[in-house]
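Report on the following structure.
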Amino acid sequence: MSKLVKKVFFDNSAKNTAEAIEFLSEKAVELGIAEDKDAVLAAFNEREAQGATGMTGGFALPHAKSEAIEEAAIIVVKFAGDIEWKSLDGSDIKAAIAIFVPGGEAGTTHLRILSKTAAMLMQPAFCELVLDSDSEEEITAAIEEGVAE
């Protein structure tokens, strides 16, 4: 399997959920993960409408399932400042770990990556690394190790 983490973006200027998922949808197309930005954005919005994907400790875990997504992938975005995003603990979001999954893999790949990523977010050392590191390689390695089968 190819590398799951496609890119880590630092100091993103998004101020809220809508701006963040718009950015993620654009980058998915630019990075060759998906072919249709609007379809990916619709998938993110559909998921957010079911319940916000803001977790705890300043992290969001947005995920999109769509036929427009060509390969399972993760994009990490660290924000320049805290952004407004409804979260489980009411805290603002500092970073998002976005999961992209082809529609046909919704019940398999999607659940595996989502559950493993959620488990990583319960580990203080992982959270500290992502929030404190300015190394794309270090963050990518930590996530890849965490989602490995």
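With a ≥ b ≥ c taken as the square roots of the eigenvalues of the C-alpha gyration tensor of segment 12-149, please select rounded if a/c is under 1.5 and otherwise prolate if a/b is larger than b/c or oblate if it is not? It is rounded, given that a/c, with a ≥ b ≥ c, falls under 1.5. Computed over the Cα atoms of segment 76-149, pair by distinct pair, the Kirkwood hydrodynamic radius stands at 13.4 angstrom. In this structure, Asp92 and Asp38 have a Cβ-Cβ separation that, at R0 = 41 Å, corresponds to a calculated FRET efficiency of about 0.90.
Along segment 76-86 the Karplus relation, 6.51 cos²θ - 1.76 cosθ + 1.60 evaluated at θ = phi - 60°, assigns HN-Hα couplings of 10, 10, 9, 8, 5, x, 4, 10, 6, 7, 4 Hz to successive residues, with x for each Gly and Pro.
Heavy-atom accessible surface of Lys3, to the nearest 10 Å², is about 120 Å², with a 1.4 Å probe and all protein chains retained. Could you tell me what percent of the accessible area of segment 1-47 is made up of carbon and sulfur, with a 1.4 Å probe and every protein chain present? It is 46 percent, rounded to a whole number. So in segment 19-149, what percent of DSSP beta bridges are antiparallel if you round to the nearest 5? Expressed as a percentage, antiparallel bridges in segment 19-149 total about 55. For segment 1-135, the per residue solvent-accessible surface stands at 46 Å², with DNA, RNA and ligands left out and a 1.4 Å probe. Maximal additional length on extending the Arg112-Glu145 stretch stands at 10.5 nm, based on 0.36 nm per residue less the C-alpha distance.
Here the Karplus curve 6.51 cos²θ - 1.76 cosθ + 1.60, taken at θ = phi - 60°, turns the phi angles of segment 8-21 into couplings of 10, 10, 10, 6, 5, 8, 4, 10, 7, 4, 4, 5, 5, 6 Hz, with x standing for Gly and Pro.
Once backbone amide H atoms are built at 1.01 Å from N, Val5 has Ile74 as its partners under 5 Å, excluding neighbours fewer than 5 places away on the same chain.
The values are calculated or read from the model by the stated rules, or taken from the named source; none is laboratory data. The shown structure was predicted, so the numbers you read here are calculated from the model rather than taken from an experiment. Counting neighbours? That spans all protein chains shown, and the Cβs are built from the backbone with ideal geometry, glycine included. What goes into the accessible areas is simple: the full protein's heavy atoms, side chains included, and nothing from ligands, DNA or RNA. Shrake-Rupley method; radii C 1.70, N 1.55, O 1.52, S 1.80 Å.
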